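Data first, discussion second: the structure below is written as structure tokens.
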Amino acid sequence: MIPQTFKEVIDLGDGREISIETGKLAKQAHGSVVVQSGKCMLLCTVVSNYKQADVDFLPLTVDYREKFAAAGRYPGGFFKREARPSDGEVLTMRLVDRVLRPLFPKDYHSETQVMIQLMSHDPEVMPDAMAGLAASAAIQLSDFPFECPISEVRVGRINGEFIINPSFSQLEESDIDMVIGASADSVMMVEGEMDEISEEEMTEAIKFAHEAIKVQCEAQVKLAEAFGKKEVREYEPEREDEELAKKIHDMAYDKVYAVAKAGSSKHERGAAFAEIKEEIIASFSEEEVEDYGGLISKYYSKAEKAAVRDLTLNEGLRLDGRKTTDIRPIWCEVDYLPSTHGSSIFTRGETQALATVTLGTSREANQIDMPSYEGEERFYLHYNFPPFSTGEARPIRGTSRREVGHGNLAQRALKGMVPEDCPYTVRVVSEILESNGSSSMATVCAGTMAMMDAGVQLKKPVSGIAMGLISDADSGKYAVLSDILGDEDHLGDMDFKVTGTADGITACQMDIKVKGLSYEILVNALKQARDGRLHILGKITDTIDTPNSKVKEHAPTMITRRIPNEFIGALIGPGGKNIQELQKETETTIVINEDPVTEEGIVEVLGVGPKGIEAVLARIEAMLFKPEIGSIYEVKVIKMLDFGAVVEYTEAPGNEVLLHVSELAWERTENVTDVVNMGDVFDVKYFGIDPRTRKEKVSRKAILPKPEGWEERPKRDNNRSRDNNRGRDNRNKGNRRDDRKPRENRSED
């Protein structure tokens with residue numbers, strides 16, 4: 001029996017549509033949809049266990065995978081099977097998770113899984129822009145306790161005009177690449193990169209995206225109504241005790257307020273808060289502590305959060321004693337590590353990043369192989385967050401999703417300032433050594449300085465800052481916090497990170513936790529972020545104001561040369577023999593790529609010190625050397641023959657030509673050694689291709705004066721010779737004809 005399907009269509013304009021369909025696939029999941037745009041199809045399924053897990057958080061897993069079959073391709077590797085998710089897939093998972101997670105009830109702790117799979121790929125449709133829509137639509141068809149539908153869209157801007165979900169080709173022309181997640185009422189998440197745009201332009205882009213999201217949320221509601229919205233499941237909520245909550249609030253609030261106002265360090269403050277909590281627990285009997293379970297800790301945390309927020313709203317003070325606009329003390333240093341190609345330390349308060357730069361050829365580019373995108377990155381940044389940076393001891397199990405996300409944000413912040421003609425592949429690695437507030441922004445600052453220290457000619461230096469927001473809807477008060485601490489990240493209503501140059505924003509990441517945040521507050525927050533960003537930028541430029549003009553002595557220098565395609569084979573040699581020998585002789589690395597546009601070969605020569613590079617360039621110039629007819633060149637004898645000498649152009653070593661014995665001197669030369677010997681250097685004249693021998697001809701005698709009394713040998717009369725030969729041939733033919741017998745008599749012999 002053909003299943004009944006339900007479908008909603010969303011018009012994106014320009015003839016583009018997104019359809020949401022359910023009822024055909026994966027019907028045992030608690031909710032499933034197929035989202036399609038063009039030939040791009042995403043299958044999203046959601047499942048949540050009916051039994052609450054024994055944890056105090058929501059165990060939500062968002063999984064996004066791209067199937068290679070969707071693009072008609074095979075996975076790489078020995079097993080030819082999709083394996084661990086790529087960085088691109090991880091970044092999409094994070095985008096969806098950050099919008100979904102806050103909309104589940106805080107006391108809902110059932111294991112929940114959202115799986116999004118790319119089943120069919122369209123080269124002109126970016127699937128990650130529809131992942132949030134697919135996840136929310138599937139949840140709307142389930143019985144999950146979920147607050148409201150959401151969606152995510154990508155917004156670009158081409159020639160001043162905003163566009164929703166631009167194609168790959170359109171995005172290349174866009175000066176904005178932002179993904180916005182929102183409900184119909186509130187913007188919840190923003191992440192993207194920009195080409196030095198203003199705060200007002202960024203706000204306009206968010207507004208434009210939000211209008212499109214409202215339409216997509218409405219379509220989800222219609223689909224759920226047509227399908228038959230399920231009753232929200234019942235689950236066992238967390239235990240609450242209002243009387244206990246008030247009691248603990250009264251016991252903790254004033255003490256926490258006093259500690260917070262003292263403006264102590266992270267460890268001192270943490271110890272003081274822990275002492276207050278222990279005093280409260282000690283005031284209860286063992287039976288009460290056992291009976292209340294985790295409620296005491298839960299209500300203490302609420303009281304602590306309320307006291308710290310009130311301190312900021314009422315007095316404009318923060319946990320470490322700063323005012324809302326103050327930036328923590330900053331100190332920087334470059335060239336710290338003696339063996340790296342570039343290095344820097346950026347320390348802001350209790351956050352510290354040590355960045356290194358490594359320069360390489362195109363061979364070291366980061367290869368990206370996804371069903372939805374194939375390419376390479378000539379600039380990339382890796383971020384490492386070891387447990388000691390927060391004073392913890394825990395096992396390290398590979399690169400976390402958080403590390404991938406923070407590294408990607410810093411990479412997007414900096415990549416637009418790496419010039420397009422930078423000859424190197426540039427790898428930046430940020431090691432977080434201390435962390436108490438926005439190590440990703442410390443990475444941006446450290447990465448800027450490390451690249452300038454390495455001699456990468458950045459267009460402009462980039463800085464970054466993490467901001468926070470505390471607001472009270474009842475009183476209308478709000479406070480924007482510059483350079484937030486780790487604690488302020490958790491207790492605030494919004495945390496956002498903004499990076500940029502002195503002229504505009506290059507990247508951002510926002511998570512907005514409060515509903516209905518006004519755009520006026522958002523603009524004010526962005527402007528305050530700009531002031532802080534410029535302050536930090538000043539500290540960076542005080543340390544290193546311009547990129548070093550040269551790379552370090554121990555770092556490789558990169559020189560590129562373009563050669564016609566027909567010379568690539570000669571440079572490489574049979575089986576790579578020539579290029580391997582040349583690399584060994586010169587202690588360089590040589591990489592050759594073909595430019596399909598200009599049909600030229602791009603030769604990259606990487607070496608430490610000028611000697612080896614100059615030797616390679618000389619070999620290339622020699623290979624490309626073309627003597628001009630009538631010109632005089634200096635040559636050196638490299639081989640002696642009976643009929644001449646093989647000479648090499650001194651300005652193009654490796655280019656050889658035969659100097660025939662007849663061209664050595666005006667006088668008759670019996671032996672080549674009578675005129676020249678091995679190693680002799682002299683001038684010759686180039687005559688081009690000799691029509692008789694069809695080989696290149698050079699002459700030594702042509703530039704020597706003729707001996708006194710020299711007479712030209714009379715030229716041979718070629719016509720007369722041909723006539724004589726023709727007559728001789730005819731006579732021979734006649735004789736042969738007379739000797740032969742008549743044809744009719746031959747058979748008798």
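The values are calculated or read from the model by the stated rules, or taken from the named source; none is laboratory data. Source: prediction; values computed, not measured. Glycine also receives a Cβ, built like all others from the backbone with ideal geometry; neighbour counts cover every protein chain displayed.
Values as computed for the structure displayed
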| item | result |
| --- | --- |
| The listed residue being assigned by TED's automatic domain parsing to the domain that holds Val34, under 24 Å from Phe144 (Cβ atoms) and exposed (fewer than 14 other Cβ atoms within 10 Å of the Cβ), out of Lys80, Lys106 | Lys106 |
| Candidate set from segment 318-352 (those that are touching a strand residue (DSSP E or B) at 6+ places or on another chain (Cβ under 7 Å) and among the aliphatic types (A, V, I, L, M)); member that is farthest from Gly391 (Cα to Cα) | Val334 |
| Unmet criterion (only one of (1) touching a Leu at 6+ places or on another chain (Cβ under 8 Å); (2) closer than 29 Å to Ala525 by Cβ; (3) assigned to a helix (DSSP H, G or I)) for Ala306 | (1) |
| Count of residues meeting criterion [more than 39 Å from the chain's Cα centre (by Cα) and under 12 Å from Arg318 (Cα atoms)] in segment 255-268 | 8 |
| Options Asp254, Asp241; residue that is surrounded by fewer than 16 Cβ atoms within 10 Å (Cβ to Cβ), of a type outside the set (Ser, Thr, Tyr) and over 30 Å from Leu517 (Cα atoms) | Asp241 |
| Residues (under 16 Å from Gly504 (Cα atoms) and touching a Gly at 6+ places or on another chain (Cβ under 9 Å)) located in segment 449-459 | Lys459 |
| Any chance Gly407 is within 23 Å of Asp483 (Cα to Cα), without any contact (Cβ under 8 Å) to a residue 40 or more places away in the chain and not hydrophobic (A, V, I, L, M, F, W, C) | yes |
| Where Glu350 falls short, out of the listed (1) surrounded by fewer than 20 Cβ atoms within 10 Å (Cβ to Cβ); (2) touching a residue at least 12 places away in the same chain (Cβ under 8 Å); (3) farther than 18 Å from Lys539 by Cβ | (3) |
| Pair list, Cβ < 8 Å and 6+ apart or interchain, from segment 21-49 residues that are more than 19 Å from Ala226 (Cα to Cα) to residues that are of a type in the set (D, E, K, R) and not in a loop (DSSP other than H, G, I, E, B) | Ser37/Arg16; Ser37/Glu17; Gly38/Arg16; Ser48/Glu111; Asn49/Glu111 |
| Scan of segment 412-443 for residues that are under 21 Å from Phe385 (Cβ atoms), under 14 Å from the mean Cα position of the chain (by Cα) and crowded, with 24+ Cβ neighbours inside 10 Å, ordered by number | Ala413, Leu414, Val428 |
| Any hit, segment 528-537, residues being of a type in the set (Asp, Glu), over 15 Å from Ser438 (Cα atoms), without any contact (Cβ under 8 Å) to a residue 24 or more places away in the chain and out of contact with any Lys or Arg (no Cβ under 7 Å at 6 or more places or on another chain) | no |
| Some residue of segment 610-626 being over 22 Å from Ile563 (Cβ atoms) and touching a residue at least 40 places away in the same chain (Cβ under 8 Å) | no |
| Failed criterion for Ile536 (all others in (1) surrounded by fewer than 21 Cβ atoms within 10 Å (Cβ to Cβ); (2) in contact with a Cys (Cβ under 8 Å, 6 or more places away or on another chain) hold) | (1) |
| Test: residue in segment 500-518 that is in a helix (DSSP H, G or I) and surrounded by 20 or more Cβ atoms within 10 Å (Cβ to Cβ) | no |
| Residue within segment 549-565 that is more than 22 Å from Tyr424 (Cβ to Cβ) and surrounded by fewer than 20 Cβ atoms within 10 Å (Cβ to Cβ) present | yes |
| Complete set of residues in segment 470-499 that are within 32 Å of the chain's Cα centre (by Cα) and assigned to a strand (DSSP E or B) | Val480, Leu481, Ser482, Met494, Asp495, Phe496, Lys497, Val498, Thr499 |
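A quick yes/no check of all residues on (1) modelled with pLDDT under 90; (2) more than 29 Å from Tyr686 (Cα to Cα); (3) in contact with a strand residue (DSSP E or B) (Cβ under 9 Å, 6 or more places away or on another chain); (4) surrounded by fewer than 18 Cβ atoms within 10 Å (Cβ to Cβ):
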| site | (1), (2), (3), (4) |
| --- | --- |
| Met623 | yes, no, yes, yes |
| Ser631 | no, no, yes, yes |
| Met640 | no, no, yes, yes |
| Gly644 | no, no, yes, no |
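Residue by residue, here is whether (1) among the hydroxyl-bearing types (Ser, Thr, Tyr); (2) in contact with a Gly (Cβ under 9 Å, 6 or more places away or on another chain); (3) closer than 30 Å to Thr501 by Cβ holds:
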| residue | (1), (2), (3) |
| --- | --- |
| Val153 | no, yes, yes |
| Pro166 | no, yes, yes |
| Leu171 | no, yes, yes |
| Gly181 | no, yes, yes |
| Cys217 | no, no, no |
| Val221 | no, no, no |
| Phe227 | no, yes, no |
| Ala245 | no, no, no |
